[in-house]
1. With all protein chains present, how much of the accessible area of the chain (probe radius 1.4 Å) comes from carbon and sulfur, to the nearest whole percent?
2. Give the aspartates and glutamates whose C-alpha is closer than 16 Å to that of LYS163, dropping any in the same chain fewer than 8 places away, or say none.
3. What is the magnitude of the charge dipole of the chain about its Cα centre, with +1 placed on the Cβ of each Lys and Arg, -1 on the Cβ of each Asp and Glu, and no other charges, expressed in debye to the nearest 20?
4. Net charge within 13 Å of ALA11 by Cβ-Cβ distance, Lys/Arg positive one each and Asp/Glu negative one each, not counting ALA11 itself?
5. Would you mind telling me which residue in SER19, SER134, SER32 has the biggest mean-square fluctuation in a Gaussian network model of the chain, where springs connect alpha carbons within a distance under 10 angstrom?
6. What is the set of long-range amide H partners of VAL27 at a cut-off below 5 Å, with H atoms built 1.01 Å from backbone N?
7. Whole number in Å², please: accessible area per residue of region 25-177, 1.4 Å probe, ligands, DNA and RNA not counted.
Amino acid sequence: MSQTELATFGAGCFWCIESALNQLQGVKKAVSGYMGGQTLNPDYRQVCTGTSGHAEVVQVEFDPAQVSFEQLLQVLFFLHDPTQLNRQGNDIGTQYRSAVFYHSEQQREQALTSIKAAGPLFDAPIVTEVTAASTFYPAEDYHQGYYLQNTNQPYCQFLITPKLAKFRQTFVSLLKA
């Protein structure tokens, strides 16, 4: 039986990232949540104020024999704009920061290498923070699988659906059958 690893990413609103990562081969589960702040057991309201210090994140349990951490980083940089400091589009605040919360020294090194390699693909410097993982707080139940349960919601229709369509075309070889 294969060993799994954890990866934790901040990339703006967690709904899109969670949905995309759950479609990848080798991903056992991707869970929306919060990391990187000082408030114990934060809730969505606290995180949205920006005062808890947490980022909206997705924590991924994955089988590295099926999908590598480097491939997950490629997906991460495809799905959001890592050059925007503390925002993604109209979502503004430190809770929407671009981040890799690493779970090992190897992940830290791979994240830094991937950021350097991805740099020339963008018109501005990448501002993704690379920070040691801290306590992960799963988001409230209604955030888990949010996109799949709310595809008709305007935010999902106009922002997430087109992004996921491009994702599925680009990463077809990594998708679950």
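The values are calculated or read from the model by the stated rules, or taken from the named source; none is laboratory data. For clarity, every value in this text was computed on a predicted model and none was experimentally measured. Heads up, the Cβs are rebuilt from the backbone with ideal geometry, glycines too, and the neighbour counts pull from every protein chain shown. The area values use the complete protein model at the heavy-atom level, side chains included, leaving out ligands, DNA and RNA. Shrake-Rupley method; radii C 1.70, N 1.55, O 1.52, S 1.80 Å.
1. Details: 4670 of 8910 Å².
The C+S portion of the solvent-accessible surface of the chain is 52 percent.
2. GLU18, ASP81, ASP91
3. Working: 11 positive and 15 negative charges, 69 e Å.
Result for the chain is approximately 340 debye, rounded to the nearest 20.
4. Values: positive: ARG87, ARG97, LYS163; negative: GLU18, GLU56, ASP81, ASP91, GLU129.
Computed value for this residue: -2.
5. SER134
6. Amide H neighbours of VAL27, under 5 Å, 5+ apart: ASP63.
7. Values: 8070 Å² over 153 residues.
Here the per-residue accessible area is 53 Å².
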